[in-house]
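Beneath this line is the structure, given in structure tokens, with notes to follow.
The values are calculated or read from the model by the stated rules, or taken from the named source; none is laboratory data. Predicted model only: the values in this text are computed from it and were never measured. Cβ placement follows ideal geometry from the backbone for every residue including glycine, while neighbour counts extend to all protein chains displayed.
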Ligand code: TYD
């Protein structure tokens, strides 16, 4: 079986983690016995340390380029240490966020430019892109309200609602640009229905 790379994207609080667990079970049933689940920023010791810097709520003065480069650094370590070797040995990888998060949050919402951000990330990703990207589409307000109920908000979550609205809209725009790879699902639906739609899409792409 050849390696398979799926990324899960969407605004904060869109339910990615729940859906990743369900998708993992589905892939297991389909014969992928080694499934690596990872998250960004994070997924390795060094990337988790970088995550601690990026999301630290006390670093409000961080400039946008520093932020973009730190996300790319965390990604470079994750790709080199985990994702590339896993794909090369035929494993399935599901990542909670990948380079499209940078395209949307840094490229669109921060205004650095989508093309600039993809370019900057070519080094970090070694040109690796997901086979399938699931975009969980949710109104910004709904996602942030969910986050507020769960824990103390991190540096990104503390941004104004207008920032999160740019993120939600940015994902919709990005999905339109790459419809063959990025599949949008209305994440206000039930967990079961969202899972069914994800499985449908993944099955089609993998010809399962
Ligand atoms: P996380 O706690 O993983 O958020 P969530 O549970 O919503 O996925 O924190 C990651 C935060 O970092 C989230 O606000 C999105 C943001 N982010 C970027 O701005 N750029 C990126 O490249 C990545 C990977 C995440």
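Write out, first by first residue and then by second, each pair whose Cβ atoms fall under 6 Å of each other, whose residues are 6+ apart or on separate chains, and whose first residue, in the range 150-161, is under 11 Å from residue 11 (Cβ atoms) and in a loop (DSSP other than H, G, I, E, B) while the second is within 9 Å of the ligand (Cβ to nearest atom) and at pLDDT below 95. Here the result reads 157/12; 157/147, each pair linking the range 150-161 to a residue that is within 9 Å of the ligand (Cβ to nearest atom) and at pLDDT below 95. Among the residues of the range 162-186, those that are within 14 Å of residue 14 (Cα to Cα) and in contact with a helix residue (DSSP H, G or I) (Cβ under 6 Å, 6 or more places away or on another chain) comprise 164, 165, 167, 168, 171, 184, 185. Taken residue by residue, the range 125-132 has no member that is closer than 21 Å to residue 51 by Cβ, within 12 Å of the ligand (Cβ to nearest atom) and outside any helix (DSSP H, G or I). The combined condition, being under 23 Å from residue 171 (Cβ atoms) and touching a residue at least 40 places away in the same chain (Cβ under 8 Å), is fulfilled by residue 10. Listed by first and then second residue, the pairs linking a residue in the range 30-44 that is under 15 Å from residue 54 (Cα atoms) to a residue that is assigned to a strand (DSSP E or B), with Cβ atoms under 6 Å apart and 6 or more places separating them unless they lie on different chains, are 39/96.
Examine the range 180-196 for a residue that is within 14 Å of the ligand (Cβ to nearest atom), within 18 Å of residue 18 (Cβ to Cβ) and in a strand (DSSP E or B), and state whether such a residue exists. No, that holds for no residue. The C-beta contact set for the range 51-66 (first residue without any contact (Cβ under 8 Å) to a residue 12 or more places away in the chain, second residue away from the ligand (no atom under 12 Å from the Cβ) and in a loop (DSSP other than H, G, I, E, B), distance under 9 angstrom, 6+ apart or interchain) is empty.
One line per residue, one yes/no per condition, for (1) in contact with a strand residue (DSSP E or B) (Cβ under 6 Å, 6 or more places away or on another chain); (2) within 28 Å of residue 82 (Cα to Cα); (3) surrounded by fewer than 20 Cβ atoms within 10 Å (Cβ to Cβ):
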{"site": "106", "(1), (2), (3)": "no, yes, no"}
{"site": "121", "(1), (2), (3)": "no, yes, no"}
{"site": "164", "(1), (2), (3)": "no, no, no"}
{"site": "167", "(1), (2), (3)": "no, yes, no"}
{"site": "186", "(1), (2), (3)": "yes, no, yes"}
{"site": "194", "(1), (2), (3)": "yes, yes, no"}
{"site": "203", "(1), (2), (3)": "no, yes, yes"}
{"site": "206", "(1), (2), (3)": "no, yes, yes"}
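For the range 71-94, which positions are touching a strand residue (DSSP E or B) at 6+ places or on another chain (Cβ under 8 Å) and either near the ligand (Cβ under 9 Å from one of its atoms) or without any contact (Cβ under 8 Å) to a residue 60 or more places away in the chain (or both)? Don't jump to the end; show me each part of the working.
Within the range 71-94, the first condition is being touching a strand residue (DSSP E or B) at 6+ places or on another chain (Cβ under 8 Å), and the residues that meet it are 78, 82-83, 86-87, 91-94.
Matches in the range 71-94: 78, 82.
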